[in-house]
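One structure is given below, encoded as structure tokens.
The values are calculated or read from the model by the stated rules, or taken from the named source; none is laboratory data. The structure displayed is predicted, hence computed values, not measured ones. Glycine also receives a Cβ, built like all others from the backbone with ideal geometry; neighbour counts cover every protein chain displayed. In case anyone asks, the SASA skips ligands and DNA or RNA and just uses the protein heavy atoms, side chains included. Shrake-Rupley method; radii C 1.70, N 1.55, O 1.52, S 1.80 Å.
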Amino acid sequence: MGRPREFCVESALDAALGVFWRKGYEGTSYADLTEATGVERPALYSAFGNKEALFRQALARYDEHYAVQLRKAVELPTAREVAEHFLNGSVDINTRYPEHTGCFAVNGVLAGSDDAEPVRQALIDYRAGGEAMLRERFERARAEGDLPQTADCHALAAYLLAVTHGIAVQAKAGFCRETLQAVADQALAGWPAQTGAR
């Protein structure tokens, strides 16, 4: 029978998530991970697998505990409320934690070495899932008359993601919350008007 782990796996995963969020995948070393988690490298391997496997588990944890604004947004009654909630939530999550500003899913690996390509692709797929959720919600809004029939739902979803990704990059670069909120408000100023045919 194996020796029981002497650390809380969830706490270690949260600590690893914070490091990856702050430094990105390639910027994070095993020394960073062992220091943040308080767990030696062999025990980290045993609990989580290699660095890539740990990053993927951290991404799942991020999605479950932090990236909830999109899932909440798509449940709102109008497309504009969806967009507003998603943009405001993006400003909040990207500026709420001074020790790791920006977005875990955007800043994790924008460009990297060949060794980081599987992680970069996992983040691309993750972000594409968010775009699909928004697009499907806007298609429903268009069918219900909440968006004009001429609305390009794919472009609207891509636009919102482009703005939120820009917010993430600017937050990482040190832009203040007030400036980023102004960006979100400006993006909403051009939102398509309701048709009134609901």
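Mind listing just one residue for me: the one in region 9-22 that is more than 10 Å from Ala36 (Cβ to Cβ) and not β-branched (Val, Ile, Thr) and, of those, least open to solvent (accessible area, probe 1.4 Å)? Show your work before the answer.
Here is the first cut: in region 9-22, the residues more than 10 Å from Ala36 (Cβ to Cβ) are 9-11, 13, 21.
Right, trim to not β-branched (Val, Ile, Thr) and you get 10-11, 13, 21.
Values: Glu10: 110, Ser11: 69, Leu13: 20, Trp21: 4 Å².
By that ranking, first place goes to Trp21.
With the structure loaded, tell me whether Ala47 is open to solvent by less than 40 Å² (accessible area, probe 1.4 Å), over 30 Å from Gln186 (Cα atoms), modelled with pLDDT under 95 and small (Gly, Ala, Ser) or whether it fails that test.
Details: open to solvent by less than 40 Å² (accessible area, probe 1.4 Å): yes; over 30 Å from Gln186 (Cα atoms): yes; modelled with pLDDT under 95: yes; small (Gly, Ala, Ser): yes.
When the stated conditions are applied, Ala47 passes them.
When you check Ala79 against the structure, is it at pLDDT 90 or above and more than 23 Å from Lys172 (Cα to Cα), yes or no? So that I can check it myself, show each step before the final result.
Numbers: at pLDDT 90 or above: yes; more than 23 Å from Lys172 (Cα to Cα): yes.
The answer is yes for Ala79.
Select from region 88-117 the residues that are among the small types (Gly, Ala, Ser) and more than 13 Å from the chain's Cα centre (by Cα) and list them in ascending order.
Within region 88-117, the subset among the small types (Gly, Ala, Ser) is 89-90, 102, 105, 108, 111-113, 116.
Matches in region 88-117: Ala111, Gly112, Ser113, Ala116.
Would you confirm whether or not region 58-77 contains a residue that is among the charged types (D, E, K, R), in contact (Cβ under 8 Å) with a residue 60 or more places away in the chain and over 27 Å from Phe20 (Cα atoms)?
No: region 58-77 contains no residue that is among the charged types (D, E, K, R), in contact (Cβ under 8 Å) with a residue 60 or more places away in the chain and over 27 Å from Phe20 (Cα atoms).
Please determine, by comparing only the residues of region 152-197 that are among the hydroxyl-bearing types (Ser, Thr, Tyr) and closer than 18 Å to Gly130 by Cβ, which one is surrounded by the most Cβ atoms within 10 Å (Cβ to Cβ).
Within region 152-197, the subset among the hydroxyl-bearing types (Ser, Thr, Tyr) is 159, 164, 179, 195.
If we keep only those that are closer than 18 Å to Gly130 by Cβ too, we end up with 159, 164.
On the way: Tyr159: 16, Thr164: 27.
Restricting to residues being among the hydroxyl-bearing types (Ser, Thr, Tyr) and closer than 18 Å to Gly130 by Cβ, the top hit is Thr164.
Checking Arg140 against (1) assigned to a helix (DSSP H, G or I); (2) within 28 Å of Pro192 (Cα to Cα); (3) touching a residue at least 40 places away in the same chain (Cβ under 8 Å), only one condition comes out false. Which one?
All conditions are met except number (3).
Give the residue that is farthest from the chain's Cα centre (by Cα), with candidates limited to residues of region 118-146 that are at pLDDT 95 or above, of a type in the set (A, V, I, L, M) and crowded, with 16+ Cβ neighbours inside 10 Å.
Going through the qualifying residues, I end up with Ala141.
Being assigned to a loop (DSSP other than H, G, I, E, B), under 24 Å from Gly24 (Cβ atoms) and open to solvent by 50 Å² or more (accessible area, probe 1.4 Å) is the filter here, so list the residues in region 54-96 that pass it. Write out each step before concluding.
Just the residues of region 54-96 that are assigned to a loop (DSSP other than H, G, I, E, B), to begin with: 66-68, 74-78, 96.
Retained after the next criterion (residues that are under 24 Å from Gly24 (Cβ atoms)): 66-68, 96.
Tyr66, Arg96, listed by residue number.
Can you name the condition, by its number, that Ala31 falls short on among (1) outside any helix (DSSP H, G or I); (2) among the hydrophobic types (A, V, I, L, M, F, W, C); (3) farther than 30 Å from Cys153 by Cα; (4) open to solvent by 30 Å² or more (accessible area, probe 1.4 Å)?
Result: Ala31 fails condition (1) only.
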